[in-house]
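One structure is given here, and the rest of the page talks about it.
The values are calculated or read from the model by the stated rules, or taken from the named source; none is laboratory data. Just so we're clear, the structure is a prediction, and the values are computed from it rather than from any experiment. Please note: Cβ atoms are built from the backbone with ideal geometry, for glycine as well, and neighbour counts cover all protein chains shown.
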Amino acid sequence: MSSPVAVSEAAGTANAPALLEVRGLTTSYGIGRIGRHQVVKALTDVDLAVARGEVLGLVGESGSGKTTFARTLLYLERPTAGTVLIDGDAMPKHPNTHRLREHRRKVQMIFQDPYSSLDPLRTIESTITQPLRAFDIVPRREERQEVEDLLAQVGLTPAKGFLTRYPHELSGGQRQRVGIARALAARPKLLVADEPTSMLDVSIRLTIMNLLLDLQRSRELSLIFITHDLAAARYVSDRIAIMYAGRLVEIGPSAEVLGKPRHPYTMLLREAAPDPTQRGLARIHAEERGEPPDLTALPPGCPFAPRCTFARDECLVELPEWRPAGEGHNVRCVLVDKATP
Amino acid sequence: MSALLEIRDLTVGYGWRFPPAVTAVRNVSLTVNAGEIVGVAGESGCGKSTLAFAATGLLDAPGRVVSGSICYDGTEMSTLSREELRRLHLESVSMVFQASMNVLNPVMRIGAQFRDAMAAHGVSSKQEARRRAEEAFDLVKVPRRFLDAYPHQLSGGMRQRAVIALALVMRPKLLVLDEPTTALDVVVERAILQSLDELRHELGFGVIFITHDLSLLVEIADRIAIMYAGRIIEEAPARELYDHPKHPYTIALMGAFPPLQGERQRLSGIPGQPPDMKDLPPGCSYAPRCPHFMPGTCDVIDPPEVVIDERRRVLCHLFQPHESTRV
């Protein structure tokens, strides 16, 4: 695996150039009627780089902006500000159909809900043929062979038996495999998997995670694995990024972030995650139990400050810049000393 | 400790014919004592929710108890009339379901819904109802002012707490929780579990806690029963189950949860699929997926229940009844 790329301006130059570079990405939604219009800041100023062949776990609670991030990466949502660079190519402010298609050929998504993300009226073959044709991947006469190859790669064998079937004939795990095959059909460079296992039964989750890892390795893909499950993130990811209220607050190698979390929010998540090695019921601090902030009225400083036990006055004023906390480990928190890495 | 709920040799099926088309729970025995949290874990379709419905007398046709007994506080559940059963609910036995934050009526203030529930159980005074509702909100740590709010004004976690408060409002002795925190974030989940753990010590009610999340259960439960294809295949104190699981399925299920610490290594999950409940294989239902499968035994003979000690039992051919003397 290539070495983890630190989140900084230097991301693209220091090591091998990053496959994905996200700079200052901000996405807002407008809600409410005229006169009562409000802006939901779902994503604020996100900087992130993902190296070729790297697995990045993106972790946060519901409403933290994980899905908005994924959707913005694919331009399913138009960002309010910031840029997304794939292979150094940035999307223009007003992308045209051609540019969008080029972009989406490189970035493909696996959705959370395998029950609603497949067209119920299409056969499996038809579903997977769609991206093949839309992105001109193979000549028409080779389409069937390609679909069969893809199905075999995601473990749906014998592939021939699945071609003419419909989603309702498949189990949840099988559907998610079809979703993965569909994403792979475009021969992307980056896969974005948005909670790909959370709707599946416990016994199937690992097999889907293993499948993603195998495909990522054999095809040298980069993978962004979005989850709320710390243990799952640790299992698949080289690096983990923690998101809170639309902002990244900590990023670093998986072992570092979960082993030595530095941001109080990461610490809270780590404490709250089920861990059977604990003797007795693990407790979290009462002050930290509060709820994530209202995204229409974010506090000016650190979004976590109102819940944070360690909050100081300065936290309420301004969110600190990224501070190094170790090799490739960066934290946006005043608790981490600026000088000492 | 006295047994609060005693389920003996319970078989529950779905279907109008006899025997029913699907047997969802087979020969299950389970005891819950006062102040104790008993966890039930298993994959989806293993019968854990059916067990919860049967245990609370909420099973609706075509589901029905085929055989066995459910004894609540010394009273046989099947002998109760509809009216007696109605009174039993909430007053003695309460249940909280997975998406139960959505059971609240969206166009009624939460306090009014509490009042309705209590009125159905003989609390007719408004002041008394308000007092009890406030107490219940205090227990689950939701500010009292939310009694005057509509459900949509509360977050998912708070709504789930409100429903738990509703379940506790008549101070039942038994609480049946079916995936009560599955839809919630970890921090909220942890806070609810903490409240639950404090409350059962404080109020002394017994809990059946049903979830697919075994790693969570190991933390919260005193005792855990693992279900597979409608049967309890292993039962043990939570710690012992985690430290020394016996049944191959329990071991596999534990291996399906990646750990939060220690070496990062590849895990295999549980190969294969749970059996079709309409067409169960002969012998042990887990045999087709089991790494210790013994041809001629596991696929022919029903596994015996091996009592290892008074708190541990396992349903597997790998353990011989005489082993009980050795352990």
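Per-structure values
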{"item": "Segment B:170-184, residues that are part of a strand (DSSP E or B) and over 20 Å from B:Tyr72 (Cβ atoms)", "result": "none"}
{"item": "Residues located in segment A:40-67, provided they are part of a helix (DSSP H, G or I) and either on the phi > 0 side of the Ramachandran plot or surrounded by 24 or more Cβ atoms within 10 Å (Cβ to Cβ) (or both)", "result": "A:Lys66"}
{"item": "A:Leu85 being among the hydrophobic types (A, V, I, L, M, F, W, C), assigned to a strand (DSSP E or B) and surrounded by fewer than 21 Cβ atoms within 10 Å (Cβ to Cβ)", "result": "yes"}
{"item": "Pairs where the first residue, in segment A:232-259, is away from chain B (no Cβ under 13 Å) and the second is among the aromatic types (Phe, Trp, Tyr) and surrounded by 24 or more Cβ atoms within 10 Å (Cβ to Cβ), C-beta under 6 Å, 6+ apart", "result": "A:Val249/A:Tyr265"}
{"item": "Every residue from segment B:89-116 that is assigned to a helix (DSSP H, G or I) and within 24 Å of B:Ile37 (Cβ to Cβ)", "result": "B:His89, B:Leu90, B:Glu91, B:Ser100, B:Met101"}
{"item": "Residue list for segment B:9-38, filter: part of a strand (DSSP E or B), of a type in the set (D, E, K, R) and surrounded by fewer than 18 Cβ atoms within 10 Å (Cβ to Cβ)", "result": "B:Asp9"}
{"item": "Verdict on A:Thr72 being surrounded by 15 or more Cβ atoms within 10 Å (Cβ to Cβ) and at pLDDT 90 or above", "result": "yes"}
{"item": "Residue that is part of a helix (DSSP H, G or I) and either out of contact with any strand residue (DSSP E or B) (no Cβ under 9 Å at 6 or more places or on another chain) or among the aliphatic types (A, V, I, L, M) (or both), where the choices are A:Ile137, A:Ile128", "result": "A:Ile128"}
{"item": "Residue match in segment B:255-277 (condition: surrounded by 13 or more Cβ atoms within 10 Å (Cβ to Cβ), more than 13 Å from every other protein chain (Cβ to nearest Cβ) and in contact (Cβ under 8 Å) with a residue 12 or more places away in the chain)", "result": "yes"}
{"item": "Selection within segment A:96-125 - under 24 Å from the mean Cα position of the chain (by Cα), surrounded by 15 or more Cβ atoms within 10 Å (Cβ to Cβ), outside any helix (DSSP H, G or I) and not aromatic (Phe, Trp, Tyr)", "result": "A:Val107, A:Gln108, A:Met109, A:Ile110, A:Gln112, A:Asp113, A:Pro114, A:Ser117, A:Leu118"}
{"item": "One residue from B:Ser125, B:Ser155 being more than 20 Å from B:Ser94 (Cα to Cα) and within 14 Å of chain A (Cβ to nearest Cβ)", "result": "B:Ser155"}
{"item": "Output for segment A:213-223, where each listed residue is more than 12 Å from chain B (Cβ to nearest Cβ) and either surrounded by fewer than 23 Cβ atoms within 10 Å (Cβ to Cβ) or closer than 21 Å to A:Glu327 by Cβ (or both)", "result": "A:Leu215, A:Gln216, A:Ser218, A:Arg219, A:Glu220, A:Leu221, A:Ser222"}
{"item": "Test result for A:Arg247, closer than 30 Å to A:Glu21 by Cβ and out of contact with any strand residue (DSSP E or B) (no Cβ under 8 Å at 6 or more places or on another chain)", "result": "no"}
{"item": "Some residue of segment B:178-197 being away from every other protein chain (no Cβ under 14 Å) and surrounded by fewer than 23 Cβ atoms within 10 Å (Cβ to Cβ)", "result": "yes"}
{"item": "Condition broken by A:Arg247, with the remaining ones in (1) surrounded by fewer than 20 Cβ atoms within 10 Å (Cβ to Cβ); (2) of a type in the set (D, E, K, R); (3) closer than 30 Å to A:Tyr29 by Cα satisfied", "result": "(1)"}
{"item": "Some residue of segment A:297-310 being assigned to a loop (DSSP other than H, G, I, E, B), over 15 Å from A:Val331 (Cα atoms), at pLDDT below 90 and aliphatic (A, V, I, L, M)", "result": "yes"}
{"item": "Every pair of residues 6+ apart whose Cβ atoms lie under 6 Å, when the first sits in segment B:283-310 and is in contact (Cβ under 8 Å) with a residue 40 or more places away in the chain while the second is surrounded by 14 or more Cβ atoms within 10 Å (Cβ to Cβ) and polar (S, T, N, Q)", "result": "B:Ile308/B:Ser324"}
{"item": "Residue list for segment B:208-222, restricted to those being more than 7 Å from chain A (Cβ to nearest Cβ) and either crowded, with 23+ Cβ neighbours inside 10 Å or among the polar types (S, T, N, Q) (or both)", "result": "B:Ile208, B:Phe209, B:Ile210, B:Thr211, B:Leu214, B:Leu217, B:Ala221"}
{"item": "Subset tally (residues that are among the acidic types (Asp, Glu) and closer than 27 Å to A:Lys260 by Cβ) for segment A:189-247", "result": "3"}
{"item": "Flag for B:Ala129 being within 28 Å of A:Glu61 (Cβ to Cβ) and outside any loop (DSSP other than H, G, I, E, B)", "result": "no"}
{"item": "Wholly enclosed helices (runs of 4 or more DSSP H) of segment B:185-248 bearing at least 3 residues touching a residue at least 24 places away in the same chain (Cβ under 8 Å) and in contact with a Ser or Thr (Cβ under 9 Å, 6 or more places away or on another chain)", "result": "B:186-203, B:214-220"}
{"item": "Residues of segment B:92-122 satisfying the condition of being over 17 Å from B:Ala52 (Cα atoms) and within 20 Å of the chain's Cα centre (by Cα)", "result": "B:Met101, B:Asn102, B:Val103"}
{"item": "Subset of segment B:117-126 [surrounded by fewer than 15 Cβ atoms within 10 Å (Cβ to Cβ) and in a helix (DSSP H, G or I)]", "result": "B:Ala119, B:Lys126"}
{"item": "Test: A:Ile137 is buried (at least 19 other Cβ atoms within 10 Å of the Cβ) and either at pLDDT 90 or above or over 20 Å from A:Gly179 (Cα atoms) (or both)", "result": "no"}
{"item": "Selection from segment A:189-204 of residues that are crowded, with 22+ Cβ neighbours inside 10 Å and either more than 17 Å from A:Tyr115 (Cβ to Cβ) or in contact with a Pro (Cβ under 7 Å, 6 or more places away or on another chain) (or both)", "result": "A:Leu190, A:Leu191, A:Val192, A:Ser203"}
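For every residue, the table says whether it meets (1) among the aliphatic types (A, V, I, L, M); (2) touching a residue at least 40 places away in the same chain (Cβ under 8 Å); (3) more than 29 Å from B:Asp276 (Cβ to Cβ).
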| residue | (1), (2), (3) |
| --- | --- |
| B:Ser49 | no, yes, no |
| B:Asp60 | no, no, no |
| B:Arg64 | no, yes, no |
| B:Cys71 | no, yes, yes |
| B:Met77 | yes, no, yes |
| B:Ser81 | no, no, yes |
| B:Leu85 | yes, no, yes |
